[in-house]
Every structure is written in C-alpha cells, then in structure tokens.
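Below: one structure, written as structure tokens.
Coordinate-derived values only; no laboratory data. Keep in mind it's a predicted model, so treat the numbers as computed, not measured. Note that we place each Cβ from the backbone using ideal geometry, even for glycine, and neighbour counts take in every protein chain shown.
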Amino acid sequence: MARFTRLQVVAMMEDQGMVPLYYHPDVELGKGILKALYEGGARLIEFTNRGDFAHEVFGALNKYCEEHLPDMVMGVGSITDAGAASLYMQLGANFVVTPVLREDIAYACNRKKVLWSPGCGSLSEICRAEELGCEIVKLFPGSTYGPEFVKAIKGPQPWTSVMPTGGVSPDEENLRGWFDAGVTCVGMGSKLISSKVLETKDFEGLRIKVKETLSLIKTIQNE
C-alpha cells in the first residue's frame, strides 16, 4: 500500500520540479543511488519496470526507503497494463507512470487513489487522460515534441500540468526552455543517472549533480 497520498505526490512533483528515473537489477547499487538522491535533496524517484524480476528489486528498495529514507516517495515507471500496475501498488508504489494512455491502468490506480501519469502525445490524449482523473500528464517522448508543444497546449488548456520525459537534461538552457514553456516538472533519466554513474558507482558525483540540478530548477521556478 502507498505510504503517500495522491495529493502529497502531486505536491512533491510540483515542488521538486524533477522526477529522477532509472533502472538497474542490482539492489545494493539501487540503495546507493537512492541514498545519493536523498542526500542531494530529492524526495521522489521513479524506478522503471524494465527487466526480469524488476518488481522484486522495487520491493526491496521500497522497504529500504521506508526504513532508512522515510521521506522518499518511490514510484514505478514503464508500466503497460493494469496487472503490472496492481502488482507494483501491492508492493507500495506511490505513483505509476506509463509510456502510453491506457484506461485500464487509470481504473486500477484510481481505485486505490494512487497517482498515475500516462504518456500522451496529442491534445486529445491529454484531454482524455484528464477526464480519467490524471493530475500530471507525461509528455513522451519529450524530445519529439519539445517546449513549443507545451506552450501550444497551455494556451487553450492553462490548467493542464505537464511532465516531459525524454530529451530533458540538467543543463540550464534545456531546463529553462521547458519551464519557460510552462511544465510542472520534468522526468530525467540517463542525463542525470548516467550509465557511467551506474558502472563506476559514483554516488558522490550523483549527489552533487542532483543538488545542483534541484537548485537550478528552484531558481528558474522562482523567477
């Protein structure tokens, strides 16, 4: 069962402005990643469902968060059906992110009042997601659409909250482009938690990068 409510997760996404995401099958490596993110100031993380027995890794890491990183909101991404969503919610997922819009996932998550963020690529999909109770829409892949797409949809729908994922990097120009366009937060994967970080276990370097990125986002948000 989720430790954080849907409204708490929405508030955290809005405040943090960034959802770090990654996948790796090594539980101990995952603990190091989570600890580095936490010490860098992050309080929300998306673990992507991309490997065999990924749910077992997620379950172990979520238990680790509950015991050692109590304020960390852990969710799951790359969910493609209601069965997988239900499995991860049983393991305590606090939010569910999907690459596409699927109504069966909406029903499963809404039934347990767990935040779900579907990947959308058109205004029609975004409208349908919101009709199904979506609070924050995932724009995916973000690199395909870019900040101009966000600006365009915020015109007729200023109430829409958007989280681009894919094509987001921690450099200032990229982040300013997205936030100036009106995004609520950004999803950031390999540009933040790179393969090099995973290979070398550079947790200190990751901690510093997370701290710097969160500080930059906060500065941009407050301008």
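Miscellaneous remarks
- Simple rule: put +1 on each Lys or Arg Cβ and -1 on each Asp or Glu Cβ in the chain, find the dipole, and look at Ala36, Thr184, Tyr107; the Cα lying farthest toward the positive end is Tyr107.
- The chain: calculated mean residue ellipticity at 222 nm from DSSP helix runs of at least 4, using -39500 (n - 2.57): -16000 deg cm²/dmol
- Contact order, relative form, for the range 6-217: 23 percent (alpha carbon pairs under 8 Å, 6 or more residues apart, mean separation divided by residue count).
- Filter on Lys63/Lys201; Lys138/Lys201; Lys138/Lys191; Lys113/Lys211; Lys35/Lys196 - keep pairs with C-alpha separation over 27 Å: Lys138/Lys201; Lys113/Lys211
- Arranged from fewest to most other beta-carbon atoms within 10 Å of their beta carbon, Thr184, Thr80, Thr200 become Thr200, Thr80, Thr184.
- Added length on full extension, which subtracts the Cα-Cα distance from 0.36 nm per residue, Asp202 to Glu56: 50.2 nm
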